[in-house]
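First comes the structure, then the notes that go with it.
The values are calculated or read from the model by the stated rules, or taken from the named source; none is laboratory data. Quick caveat: nothing in here was measured; it's all calculated off a predicted structure. Using ideal geometry, Cβ is built from the backbone for each residue, glycine included, and neighbour counts are taken over all protein chains shown. Only protein heavy atoms, including side chains, enter the accessible area calculation; ligands, DNA and RNA are left aside. Shrake-Rupley method; radii C 1.70, N 1.55, O 1.52, S 1.80 Å.
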Amino acid sequence: MYLTVREATKNYGSFTALNRVSIEIDEGEFVCLLGPSGCGKTTLLRLIAGLSDLDEGEILLEGAALSDLPARKRGFGIVFQSYSLFPNMTVAENIGYGLKIRSTPRPEISRRVTDLLNLVKLPQLADSFPGQLSGGQQQRIALARAIAVDPRVLLLDEPLSALDAKVRAELRGEIRHVQRSLGIPTLMVTHDQEEALALADKIICMNHGVVVQAGTPEDLYNRPRTRFVAEFMGISNLLPADAVGRAFPDLAATRPQGSADDHIACIRPEQIGVTPDPDGNASVRGISFLGNLRRLEVESPAGPLVVETHGAKPCREGDRVTLQVAPDACTWVADDSTRAPAEAQA
Ligand code: ADP
Ligand code: MG
């Protein structure tokens, strides 16, 4: 493993912001740290960057402990949420800053800055000042500055969250492209599950200072282990076993043998098929047209369900329908919503 955080704990007074958090980043990997506001994402990023100290645990880079290495000697590139460019330097000076303080010869800095400006697609802005740039442009420059020094790890703390939706989606693609082409191991913090799904090789989902699940985007979306992860990764229908039995008798048998009483079924809206049927046991309460799909509110023997369909309009409001779910589209998850945070991680 390239970068390993092992059992990291961080307290602020009597408040435990991180509780024995372990994560791993492989060479060339793009890892997203995902979780709601306040769950400890920035705290973990700052520990890795060397901007604050661990209370317990260790951080290893290629097997060597980082604890005694100050931030500036770790050779990490960092981009924060808010624009952190030096306002009194030009774009070119900002990008070249790290090279200059490493006494890189001037012609080499100049070459490197030109290459990086091309890489982030802003070659015309070399002599502009940060104040003259849009938010999206500033973040591209911040990214160029972070990678100028060939960082061993790239750390991004919600770099897109201050931007509007269109720029955010564009820049998301850019970050992915830059990371892929340079192969820099990257840890990006986000609270946006769509962003994490789109970008990550691996997602580490956190809540209340602990890691609740880590895996590929497909794992977290299709195979959440708890209600928290199921809900955080997108809209899901979460049903207790008796409700599943009433609406989808076939699915009740998919419940793992011996699974605890608090296991509930997670069925994603796009996994439910609807067919108009005058004798059906469900009815369509509402339909929202969302451009690429239709979202249906359906009243069923299991209670209200959200169903999403693509393509032709399948039915109208008020229609009676039959619902189908393939057995492998139903995931049984632990219901952690009623437990205290400390218990829920167990
Ligand atoms: P996130 O980045 O996931 O939103 P943070 O890591 O910033 O969360 O914060 C995690 C928790 O630690 C929050 O409850 C926050 O209020 C608390 N916290 C963060 N920094 C400090 C600090 N310097 N002193 C006290 N509490 C802090
Ligand atoms: Mg944060």
Within 30 Å of V325 (Cα to Cα) and within 16 Å of ligand 2 (Cβ to nearest atom): is that true of M233 in this structure? no
Kindly indicate which of G291, G258, G280 is surrounded by 17 or more Cβ atoms within 10 Å (Cβ to Cβ) and in the same structural domain as V325 (by TED's automatic domain parsing). G280
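Among residues belonging to the range 204-251 that are β-branched (V, I, T) and in contact with a Cys (Cβ under 6 Å, 6 or more places away or on another chain), point out the one that is nearest to L44 (Cα to Cα).
Within the range 204-251, the first condition is being β-branched (V, I, T), and the residues that meet it are 204, 210-212, 216, 226, 229, 235, 244.
Subset that is in contact with a Cys (Cβ under 6 Å, 6 or more places away or on another chain): 212, 229.
Numbers: V212: 15, V229: 19 Å.
It comes out as V212.
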Specify the residue that is nearest to H177 (Cα to Cα); the eligible residues are those in the range 131-163 that are assigned to a loop (DSSP other than H, G, I, E, B) and of a type in the set (G, A, S). A148
Step by step: first the residues of the range 19-73, then only those that are more than 25 Å from E218 (Cβ to Cβ) and of a type in the set (K, R), then the one that is most open to solvent (accessible area, probe 1.4 Å). Which residue is that? R72
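Checking the condition in the same structural domain as V178 (by TED's automatic domain parsing) and within 16 Å of ligand 2 (Cβ to nearest atom), which residue from G63, G38 passes? Before the answer, list the steps.
Values: G63 fails: within 16 Å of ligand 2 (Cβ to nearest atom).
Residue meeting the stated conditions: G38.
Could you please find all residues in the range 77-92 being open to solvent by 30 Å² or more (accessible area, probe 1.4 Å) and in contact with a helix residue (DSSP H, G or I) (Cβ under 8 Å, 6 or more places away or on another chain)?
First, pick out the residues of the range 77-92 that are open to solvent by 30 Å² or more (accessible area, probe 1.4 Å): 78, 80-84, 86-89.
Across the range 77-92, the qualifying residues are I78, F80, Y83, S84, F86, P87, M89.
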Please determine, by comparing only the residues of the range 1-32 that are closer than 18 Å to T190 by Cα and out of contact with any Asp or Glu (no Cβ under 9 Å at 6 or more places or on another chain), which one is farthest from ligand 2 (Cβ to nearest atom). E24
Out of everything in the range 186-208 that is assigned to a helix (DSSP H, G or I) and under 16 Å from V79 (Cβ atoms), what residue ends up being farthest from ligand 2 (Cβ to nearest atom)? L199
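Within the range 203-220, track down each residue that is more than 14 Å from ligand 1 (Cβ to nearest atom), surrounded by 20 or more Cβ atoms within 10 Å (Cβ to Cβ) and not polar (S, T, N, Q).
Step one: of the range 203-220, the residues more than 14 Å from ligand 1 (Cβ to nearest atom) are 203, 213-220.
Restricting the remaining residues to those that are surrounded by 20 or more Cβ atoms within 10 Å (Cβ to Cβ) gives 203, 213, 220.
Residues satisfying the conditions are I203, L220.
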Answer residue from the range 295-312, given it is touching a Lys or Arg at 6+ places or on another chain (Cβ under 7 Å) and more than 17 Å from S236 (Cβ to Cβ) and is most open to solvent (accessible area, probe 1.4 Å) among those: E299
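Rundown of residues vs (1) more than 16 Å from ligand 1 (Cβ to nearest atom); (2) more than 18 Å from the chain's Cα centre (by Cα); (3) of a type in the set (A, V, I, L, M, F, W, C), yes/no style:
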residue	(1), (2), (3)
G131	yes, yes, no
Q137	yes, yes, no
R140	yes, yes, no
A148	yes, yes, yes
L156	no, no, yes
V167	yes, no, yes
E170	yes, no, no
G173	yes, no, no
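Each row is one residue, and each column tells you yes or no for (1) of a type in the set (A, V, I, L, M); (2) out of contact with any Leu (no Cβ under 6 Å at 6 or more places or on another chain); (3) open to solvent by 30 Å² or more (accessible area, probe 1.4 Å).
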site	(1), (2), (3)
L122	yes, yes, no
R145	no, yes, yes
V149	yes, yes, yes
L155	yes, no, no
E158	no, yes, no
A162	yes, yes, yes
A165	yes, yes, yes
A169	yes, yes, yes
H177	no, yes, yes
Under 6 Å between Cβ atoms, at least 6 apart or on separate chains: pull out the pairs that start in the range 56-80 with a residue that is among the acidic types (D, E) and end on any residue that is exposed (fewer than 13 other Cβ atoms within 10 Å of the Cβ). E58/A65
